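The values are calculated or read from the model by the stated rules, or taken from the named source; none is laboratory data. Just so it is clear, the structure is predicted and the values come from calculations on it, not from any experiment. All Cβ positions, even for glycine, are placed from backbone atoms using ideal geometry, and neighbour counts span all protein chains on display. All accessible areas refer to the heavy atoms of the entire protein, side chains included, with ligands and DNA or RNA removed. Shrake-Rupley method; radii C 1.70, N 1.55, O 1.52, S 1.80 Å.
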Amino acid sequence: MDFKELRELMVKTQLIPRGIKGERVLDAMRKVPRHLFVDDFIQHKAYDDMAIPIGDGQTISQPYMVAIMTELLELKGNEKVLEIGTGSGYQTAILAELAREVYTLERFSSLADRAKERFISLGYTNIKIRVGDGTLGLPEAAPFDRILITAGTPKIPAPHVEQLSEGGIIVAPVGDRFSQILIKAKKENGEITEEYHTPCVFVPLVGKYGWRESENSE
Ligand code: SAH
């Protein structure tokens, strides 16, 4: 299977027609080998227009969601980014292509271990991965220019607002446990302003400032 060709097709049929415009974002989506972030047996579906299970009840987000979240972050190349919910590490790799430094937090060590192996084998040197409750952020590495939450949350966790630099942007799916709206929040003069974007469905953000573990069982 020609994965490079499938990536080009993904960009042409799923991203550009839905309004993803940024050339840097599109180039990163053309470059990162998404099929290496899913299990071998499902690699042939890696570039399809959908989320795919990655174990521990979690999923790698649909390509379009990855692209729009990345586009909303407005990365120019020199940012320090915090990502909550490493999962497969695919979104992390896209961020690492477009920013200076990426810190990524995952609550399941099984997923974090696999993601770490992928970062090493693909040669990423600007990603730092930690296991733990990402709703707490990462105070020791703050402030961050950008924060991306890749799991559904009832609200933007307060520690993230605190750890965001002035002029910084947070992108997060905010809503109930079954459906959310993608929100872009900007910090200006210490105040947060929010823009509402596309409806979406993410697995829950489970932690102190997200959903409780018990609320997570369906
Ligand atoms: N960006 C990922 C999508 C992963 S799905 C990808 O492209 O593959 C969301 C991830 O968030 C899951 O892996 C889940 O385990 C993780 N997660 C949920 N709550 C979390 C928390 N409080 N801290 C860190 N990770 C969390």
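Among the residues making up the stretch 34-58, those that are within 18 Å of A93 (Cβ to Cβ), within 13 Å of the ligand (Cβ to nearest atom) and in a loop (DSSP other than H, G, I, E, B) are V38, D39, A46, A51.
Among the residues of the stretch 166-197, those that are open to solvent by 30 Å² or more (accessible area, probe 1.4 Å) and within 16 Å of the chain's Cα centre (by Cα) comprise I181, H197.
Filter the stretch 205-215 for residues that are open to solvent by less than 30 Å² (accessible area, probe 1.4 Å) and either more than 15 Å from the ligand (Cβ to nearest atom) or part of a strand (DSSP E or B) (or both) and give the result. Of everything in the stretch 205-215, just one residue is open to solvent by less than 30 Å² (accessible area, probe 1.4 Å) and either more than 15 Å from the ligand (Cβ to nearest atom) or part of a strand (DSSP E or B) (or both), namely V206. All conditions but one from (1) out of contact with any Pro (no Cβ under 6 Å at 6 or more places or on another chain); (2) more than 20 Å from V131 (Cβ to Cβ) apply to Q14; the one that does not is (1).
Restricting attention to the stretch 31-52, and to residues there that are open to solvent by 60 Å² or more (accessible area, probe 1.4 Å) and within 17 Å of the chain's Cα centre (by Cα), which single residue is farthest from V11 (Cα to Cα)? Going through the qualifying residues, I end up with L36. Can you name every residue in the stretch 63-104 that is within 9 Å of the ligand (Cβ to nearest atom) and in a loop (DSSP other than H, G, I, E, B)? Within the stretch 63-104, G85, T86, G87, S88, G89 qualify.
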